[in-house]
Structure formats: structure tokens, C-alpha cells
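What follows draws every value from the coordinates through simple rules; no lab data is involved. Bear in mind the structure is a predicted one, so any value in this text is a computation, not a measurement. Neighbour counts are summed over all protein chains in view; Cβ atoms, including those assigned to glycine, are modelled from backbone coordinates with ideal geometry.
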Amino acid sequence: MTSTSSTSSADLFSRAQQVIPSGVNSPVRAFGSVGGTPPFLTSAKGALLQDADGREYVDLVGSWGPMILGHAEERVVEAVREAAGRGLSFGAPQAGEVTLAEEVISRVGPLEQLRLVNSGTEATMSALRLARAATGRDVIVKFAGCYHGHVDALLAEAGSGVATFAMPGSAGVTAATARDTVVLPYGDRDAVTALFAERGGEIAAVITEAAPANMGVVPPQEEDGIGFNRFLSETAHAEGALLISDEVLTGFRASREGYYGVDGEGWAPDLMTFGKVIGGGLPVGAFGGRRDLMGLLAPSGPVYQAGTLSGNPLATAAGLATFAGLDETAYSRLGSTSRALQQLVADALTAAGVPHVVQTAGTLFSVFFREQPVTGYEDAKAQDTEAFTRFFHAMLEAGVYLPPSAFEAWFVSTAHTPEVLDRIASALPGAARAAASA
Ligand SMILES: *Cc1c(COP(=O)(O)O)cnc(C)c1O
């Protein structure tokens, strides 16, 4: 019954579509918005991917963020191998959990305690429950274009795959849940102020990406010297609500301290969420914050939250080995690689006359196919996604694997050497011309 002879990407995808909805286990992987068959990958090393058809690509997805040291980095692989030899899962405390929590807390000022989970989704879901318990309130405020995982309460006007497929939210979310979520335009201080004036006493928390990067990268703006995150923390706190800063994507990528290291002056979130980089490619998420809030978690407090595989020894080993590689030198390398790539892309698109804007948040960046800066979700949706699609396919054809969506950040790693950048540089002019040829 099972065919093992089908090994090309096309064969694998058609088999996958029989047994896995749309053939994928996460929507953006399906190439649904750009068309075509997604390559099935067989291995990866450094900045390079190999697919089932014998092709090689320069990777600019990095598993959507975790592979910040590049694929199959030797020390990370060795740490996982060594941990595996000592047992795959205990369901009981182990030292790696403590060391990983200490590492994360030591990097991010506002964190006093941290709990490990298995994904970013679990982290934000747990943070919402904790915020509601701490405040005795129900309403959650989120921003259009921000993605916080597939938590029922947070799917309205979400970024990432929800944006890629132009979905307003998700079916299957109850009306009661939807009623407790208020969605505001990102960066709109007047809307935040008005909402708090009207319903401040009902609001448990505001959740925001520390720097939105799931509608493309949209850095928070300052007004009168006050950043948007600080404004949110002051506005929420004045009404007894909490601020949850979602650093699942920006954490330990935007800088050594995450995006908080870029704009954490004069304010602090109450709770923060992490994922991606902290697991180095294995399934890890985390949420943390003030000790008094975290103390509400079971078993000492009334907020239940648990996980059979949370704090898994392989996952903590991968996370710790990844952090070991993330010193100041690594971040300055990431920064210069990111800037060099931004320049290459901008030069190629300019030469071909393609309207574009490159936006950054720390070492993160993305390219929007429109002229004007993007400050929120409406702007992001107004880009020329058709031009992106032509660009994407030309890059793929030339051996560069970009996120298959115009609404995603591009990810470099410390393994993206100048030689790797040269390969991208030689693919760019043709792809830029393809983008221009409507
Ligand atoms: C990826 C992401 C999540 C969800 O994490 P998963 O591990 O995919 O569940 C949440 N928030 C942000 C900002 C993300 O980028």
C-alpha cells in the first residue's frame, strides 16, 4: 500500500495531498499564494538546502527563524546527539531547563521567571490565560497584521499565513471568543487611547509583536521620543491592564536581547513570549515575566498550564547550544550580512525599476513590493504581490529559497558567508527583471 518509490518533490507532494490536508503541516509551506509545487527537502547544511530532486538552494527562510546559526551547526548537532544518548524525555525535571531559563532571563531585563512550552502558540495562549487570571478581565487587544500563533483569540486579522492567504481570521473560533478580542490598526495611538477610555476596565491585556514581522517587517515608530511599545505599556498600566510583548520571532534575532534590546528604554512588558531561536530548531516556546504574575501558575497558583514534553532534554540542549553561538560577534555578523543583502536586493530592484521598500528591525528585514513605507497591515496588503510572485519563482529557479509569501521576513544566519551572498547576488538581476515584467 505504501509507496516508497515516489521520491521526487512532485510525487511526494501528490502523496502528501492524499493523507495531509493541502499536503502540508503548516499552511505557508504549501506555496498556495505563489503557486507551484513546494520542494521537499532532504537535508540542509549551513546556508544551503538540498531537495528531493537533487537541487540545491541558498536558504533565506531558516525554518522561519530558528536556524540562526545555519543548518546542522556542528556544536548544536553534537549537543543534541549527546542529550539523545542520555534519554529522549523524562517527564521530570532536568538541568537543561534551568540553564536555558537562566540564559534567557540573563539576556532580557524584565524577565524574572520563565516557563518552557513546545511552541510559540502555546506561549501566547498561556500568557493570555495568565493575564486574564491576573486582572480578572476578559478582553484582549491585538493589532491587525500581528501574528501570535494559531490561538483562537488571536487569529482575527492575523499576519503570517492568515495574511498570505488573505483570510479575515479563522473559521471555528466561537463568537464569544471573537467578542473578547479587539483588533486595532498597528501604531494607531489614538485608537488605543480611545479604546481604553471607553472599555479600560474590561481589558486584561494588550498583546503586540515587539516589532511586527509577520506582515513583513514593520518597526514600531517613535512619536515625541516615545516608542509605540512604551506608549502601550503606559496606556495599559494606567488602566490596570497588562502588556504582553511577543518576541517569538524577534527574540534573540533582532539583537542579543531580542527587540527589547533595541527599544527597551523606560518601559517594561509584564509578560513576554518566545519561541523559534530559543529551541535552535527543536520545538520550544517560552513565556515569562514578573515573578508575581508567573507565581499565579499551578501548582503554587490557580492558573493551570502544563506539557508532557515541555522542557524536553533534546530541545533544551539545542537551545543552549544555539545560545552558546550567539555572542556579540555573531550579532555583528548577522547585522552586516543582513545589511549587505538588503543593499543587493535594493540595487537589483532599483536597476530593474521595481517599486520596493526595505524595512528593518534590528538584524531582521523584509522587502515590500511598493514605493511607500509600510506602517501597518493596510499598507502591507497594498503591495504588488504579483510582482513578488514573479520575483519569488525566478529566485527559486536560480537556486535561492525565499519565504513563499510577500508578507514574511527574510532570514539570514551566521552561515551566510560572503560566498553565499555572491550566489544570491547573481540570482537577483534576473529575478528583478521578472518582477518588472508584468
Ligand atoms: C511564529 C510566531 C508565533 C507562533 O509560534 P509557533 O511556534 O509557530 O506556534 C507566535 N508569535 C510570533 C510573533 C511568531 O512569529
Worksheet item: Measuring from centroid to centroid over Cα atoms, what is the spacing of region 419-438 and region 241-298 in Å?
Response: 36
Practice prompt. Taking only Cα atoms and a 10 Å spring cutoff, compute GNM fluctuations for the chain and point out the largest among VAL420, VAL104, VAL218.
Written response: VAL420
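Taking only C-alpha pairs under 8 Å that are 6+ residues apart, what is the relative contact order of the chain in percent? Don't skip to the end; give the middle numbers.
Values: 887 pairs, mean separation 95.8, N = 438.
The value is 22 percent.
Which percentage, to the nearest 5, of the DSSP beta bridges contained in region 74-324 is antiparallel? It would help to have the intermediate numbers written out before the result.
Working: 11 of 28 bridges.
The antiparallel proportion sits near 40 percent.
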Item to complete: Could you point to the residue in LEU344, LEU49, ALA436 farthest towards the positive end of the chain's charge dipole, with +1 and -1 charges on the Cβ of Lys/Arg and Asp/Glu respectively?
Response: LEU49
Discussion item. Test of understanding: in a Gaussian network model of the chain with alpha carbons linked when under 10 Å, which of THR164, THR42, THR235 would top the mean-square fluctuation ranking?
Written reply: THR42
Worksheet, complete the sentence: The answer for the net charge of residues other than THR193 whose Cβ lies under 11 angstrom from its Cβ, with Lys and Arg +1 and Asp and Glu -1, is -4
Worksheet item: What is the magnitude of the charge dipole of region 276-400 about its Cα centre, with +1 placed on the Cβ of each Lys and Arg, -1 on the Cβ of each Asp and Glu, and no other charges, expressed in debye to the nearest 20?
Response: 380
Worksheet item: About its Cα centre, what dipole magnitude does the chain give when the only charges are +1 on Lys and Arg Cβ and -1 on Asp and Glu Cβ, stated in debye to the nearest 20?
Response: 840
Worksheet entry | Max mean-square fluctuation residue, GNM over the chain, Cα-Cα springs under 10 Å, options ALA205, ALA158, ALA92 | ALA92
Worksheet item: Among the lysines, which have Cα under 23 Å from the Cα of LYS142 when same-chain residues fewer than 8 positions away are ignored?
Response: LYS276, LYS381
Item to complete: Treating only the Cβ atoms of Lys and Arg (+1) and Asp and Glu (-1) as charged, compute the dipole magnitude of region 74-324 about its Cα centre; round to the nearest 20 debye.
Response: 720
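Where does the chain land at 222 nm, in deg cm²/dmol rounded to the nearest 500, when only DSSP H runs of n ≥ 4 count, each adding -39500 (n - 2.57), divided by all residues? Write out the running numbers ahead of the final one.
Values: 15 runs with 165 residues, N = 438.
The helix contribution divided over the chain gives -11500 deg cm²/dmol.
Exposed loop sites here are GluC sites (Glu not before Pro) in DSSP loop states with at most 12 other C-beta atoms within 10 Å. What is the longest stretch of the chain lacking them? Mind dumping the intermediate values first?
Details: sites that count: GLU265, GLU371.
In the chain, the maximal stretch lacking such sites is 1-264.
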